[in-house]
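Here the structure is laid out as structure tokens; the discussion comes afterwards.
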Amino acid sequence: MPQASEIAWLIPVFPLIGAVLSGLGLICANKKINNSREIVSISLLSLVGVSAVFSYKTLIEQIDGYQSVEKLFVWASAGDFTIPMGFVLDPLGSVMLTLVTTITLLVMIYSHGYMAHDKGYVRFFTYLALFSSSMMGLIISPNLLEIYVFWELVGMCSYLLVGFWYDRDGAANAAQKAFVVNRVGDFGLLLGILGLFWATKSFDFNEIAIGVSQSVSENSLPVWAALLLCFLVFLGPMAKSAQFPLHVWLPDAMEGPTPISALIHAATMVAAGIFLVARLQPLYSLFPSIQFIIALVGTITCFLGASIALTQMDLKKGLAYSTVSQLGYMMLAMGCGAPVAGIFHLITHACFKAMLFLGSGSVIHAMEEVVGHQPVLAQDMRLMGGLRKKMPFTSITFLIGCVAISGIPPLAGFWSKDEILGNAFISFPAFWFVGLLTAGMTAFYMFRLYFLTFEGDFRGENKELQKELLLASEINIEEEEHEEEHGSLHESPWSMTFPLVFLAVPSVIIGFMGFPWDSKFANLLDPEEALIALESFELQEFLPLAIASVFIASIGITIAYQAYFAKKINLSKLFAQRFPSVNKFLSNKWYLDDINEKLFVKGSRKLAKEVLEVDSKVVDGVVNLTGLVTLGSGEGLKYFETGRAQFYALIVFGGVILLVAIFGFQSPQVT
């Protein structure tokens, strides 16, 4: 029997088959398939489960020292030009496959409860299977061209899932926004891929790095051109992994169902950009200026996301900006030349962020029983509070996630985030300071979320506050008043709590794989780097940075506790009222959405109107003038078409006389 690594190409095929079959069923026998929702969901779950088993086998083989596998075939050829396709399975790929299949499987189990009463249940599971298959195909792609194919498939699936509730204006607009913003990055990525192929005649990651290095050293490729190509390729991950300034689509993607938020933010779409930068490290490491740009973008992103999250009252959007911030940390690691640290944080973050998003979905599911199926009310933390007593599993797992993401030892987030900050301190001390400050902000806003949601008294029955929030959101209050009586708060069903409990385990213990003095994770992905890290590790260097990180996180937690649990600090008076412009700046998300609206949305509309004016007045005017001239000349010439030979002879004679007169007038006078 062949090793799992030898047939890794089957891993994305299983969910793809399920997605195709259920999709065809929806097209050909929609009613019958929707009535068989449990059969469809179990089938798709089973196929993803098979992919998960294969993924775990490949990971075990890689841990045991099985060599990386790469199998290629010629997809297209013309003369000396060939395009290879196939798959590659190495330690990085096996780790990512394990992550994606695990999170997808848990999200699908969770979705069975969360989407139980949705009429698009089968369509939702079909999209999930296709989404996961696309991400798995991207992971095992051996070159940039094949990655681009799956890159676009991932983008298409995200568009379908973010806009799943397409009858809601918010979801439809969010899907369009995600699609348009990602097209900006993908256009740069495509130009970069084509440019690198022109320069190196290859799509392979390592061959591109070698070819660019040789071309630059031989002066056949200018350094500025190489830098430009590297930056164009980086535009793709900037958009896909929500880096400044192309991050604006990710918070709006919360309009989709909560399980999708967990999948996008944890293991699929946003992870694709980080994964691609890790694959291209041999290329980026050639140019320190590009690495500086990557680190700078990551630093700005992590600070931006954290600062905006400070003022968010929507539970899911608070977590969304948290994801933006954590992705910034990962990109900072890539810019510092530490891809192993970035991928390690990607793995740990995926576990606790998926748990946090699924936990928020559990809360929203319960809140809808009280305030109705209105996202404005069900997701607003001002109407929550006191949920810990009613939802023990959700509250405990959410608290574990908050501790993990805050970087408190010994949970997973501490080890991965601290490794990034340590590399940043060595490479870019200024960026380390921003990352350290962001760590304190992260701890504050995450425990702010926890205390507002789970502690204190329940505020969901405050009708006046509900009306105020609906008015602020321009929702029709009269419609809300006629809704039927709502139920009471209760814990979510087992299908929703089981994934939370399951994810709580790696959120606690998976960080132990990344001890800086003996990193099993680094030893798997890059044994040479792990050996260098082991030899260069100094406890007296590690402890001060670790203590500083834990100290500032503890300050953030303490402030959140005093402000939102003990009620001893009034942050509104201390900050919001003293610095209203700063508070407004953060509440309006750095005005980036307003800038985009004015420059690109309204600007493009204005340009389109001006082009339309030119088209209607100039282009159409020329065309219409040509038609009028033709019509007028035709009308005039028809009088010369009499059919009489004498009239034609008269015209010829008159023409001859006219020519003689003209030439005679122009001839020189004879003296």
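The values are calculated or read from the model by the stated rules, or taken from the named source; none is laboratory data. Every value quoted in this text rests on a predicted model; they were computed, and no experiment measured them. As a convention, Cβ positions derive from the backbone with ideal geometry for all residues, glycine included, and neighbour counts pool all protein chains shown. Just the protein is used for accessible areas: all its heavy atoms, side chains included, with ligands, DNA and RNA removed. Shrake-Rupley method; radii C 1.70, N 1.55, O 1.52, S 1.80 Å.
Quick one: which helices (runs of 4 or more DSSP H) lie wholly within the stretch 201-263 and hold at least 1 residues that are among the β-branched types (Val, Ile, Thr) and at negative phi?
205-217, 223-240
Check every one of the helices (runs of 4 or more DSSP H) wholly within the stretch 1-84 and list those with 2 or more residues that are under 18 Å from Pro142 (Cα atoms).
Passing ranges, in order: 10-28, 37-63.
Which of (1) out of contact with any Pro (no Cβ under 8 Å at 6 or more places or on another chain); (2) under 24 Å from Gly342 (Cβ atoms) is the odd one out, the single condition Ser68 does not satisfy?
Going through the list (1) out of contact with any Pro (no Cβ under 8 Å at 6 or more places or on another chain); (2) under 24 Å from Gly342 (Cβ atoms), Ser68 breaks only (1).
Looking at (1) within 26 Å of Glu597 (Cβ to Cβ); (2) free of Cβ contacts under 8 Å to residues at least 60 places away in the same chain; (3) open to solvent by 10 Å² or more (accessible area, probe 1.4 Å), can you tell me which one Glu255 breaks?
Exception for Glu255: condition (2).
Give the residue, chosen from Phe425, Phe444, Phe398, that is assigned to a helix (DSSP H, G or I) and open to solvent by less than 20 Å² (accessible area, probe 1.4 Å).
Criteria check complete, one pass: Phe398.
Open to solvent by 40 Å² or more (accessible area, probe 1.4 Å) and assigned to a helix (DSSP H, G or I) - does that describe any residue in the stretch 87-96?
Taking every residue of the stretch 87-96 in turn, none turns out to be open to solvent by 40 Å² or more (accessible area, probe 1.4 Å) and assigned to a helix (DSSP H, G or I).
I'd like to know if the stretch 626-635 contains one or more residues that are open to solvent by 100 Å² or more (accessible area, probe 1.4 Å) and either under 43 Å from the mean Cα position of the chain (by Cα) or modelled with pLDDT under 85 (or both).
Yes - at least one qualifying residue is present in the stretch 626-635.
Take the residues of the stretch 306-353 that are touching a His at 6+ places or on another chain (Cβ under 8 Å) and either of a type in the set (S, T, N, Q) or part of a loop (DSSP other than H, G, I, E, B) (or both): which is surrounded by the fewest Cβ atoms within 10 Å (Cβ to Cβ)?
Thr323
May I ask you to list pairs of residues, at least six apart or on different chains, whose Cβ atoms are under 7 Å apart, with the first in the stretch 171-194 being farther than 12 Å from Ala239 by Cβ and the second being of a type in the set (Val, Ile, Thr) and crowded, with 19+ Cβ neighbours inside 10 Å?
Taking only residues 6 or more apart or on different chains, the pairs are Ala171/Val162; Ala174/Val162; Ala175/Val162; Gly192/Val233; Ile193/Val233.
Quick one: would you say Ser51 is of a type in the set (Ser, Thr, Tyr) and buried (at least 21 other Cβ atoms within 10 Å of the Cβ)?
Taking the combined requirement at face value, the residue satisfies it.
Could you grab the pairs with beta carbons closer than 7 Å, sequence gap of 6+ or different chains, first residue in the stretch 451-466 and over 21 Å from Leu310 (Cβ atoms), second one outside any helix (DSSP H, G or I) and open to solvent by less than 20 Å² (accessible area, probe 1.4 Å)?
Asp457/Gly385; Asp457/Gly386; Phe458/Gly385; Phe458/Gly386; Gly460/Met384
Please give the number of the condition Asn523 fails out of (1) open to solvent by less than 70 Å² (accessible area, probe 1.4 Å); (2) without any contact (Cβ under 8 Å) to a residue 24 or more places away in the chain; (3) under 31 Å from the mean Cα position of the chain (by Cα).
(1) is the only condition that Asn523 fails.
Quick test of your reading of the structure: Leu99 fulfils all but one of (1) within 22 Å of Leu358 (Cβ to Cβ); (2) surrounded by fewer than 24 Cβ atoms within 10 Å (Cβ to Cβ); (3) of a type outside the set (D, E, K, R). Name the failing condition by number.
Of the numbered conditions (1) within 22 Å of Leu358 (Cβ to Cβ); (2) surrounded by fewer than 24 Cβ atoms within 10 Å (Cβ to Cβ); (3) of a type outside the set (D, E, K, R), the odd one out for Leu99 is (2).
Condition check ((1) within 21 Å of Ala424 (Cβ to Cβ); (2) touching a residue at least 24 places away in the same chain (Cβ under 8 Å); (3) aromatic (Phe, Trp, Tyr)) across all residues:
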position	(1), (2), (3)
Asp518	no, no, no
Ala548	yes, yes, no
Phe575	no, no, yes
Asn596	no, yes, no
Val611	no, no, no
Lys617	no, no, no
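Residue-wise test of (1) in contact with a helix residue (DSSP H, G or I) (Cβ under 7 Å, 6 or more places away or on another chain); (2) under 30 Å from Phe515 (Cα atoms); (3) open to solvent by less than 80 Å² (accessible area, probe 1.4 Å).
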residue: Leu539; (1), (2), (3): no, yes, no
residue: Ala548; (1), (2), (3): yes, yes, yes
residue: Phe551; (1), (2), (3): no, yes, no
residue: Ser554; (1), (2), (3): no, yes, yes
residue: Asn570; (1), (2), (3): no, no, yes
residue: Asn596; (1), (2), (3): no, no, yes
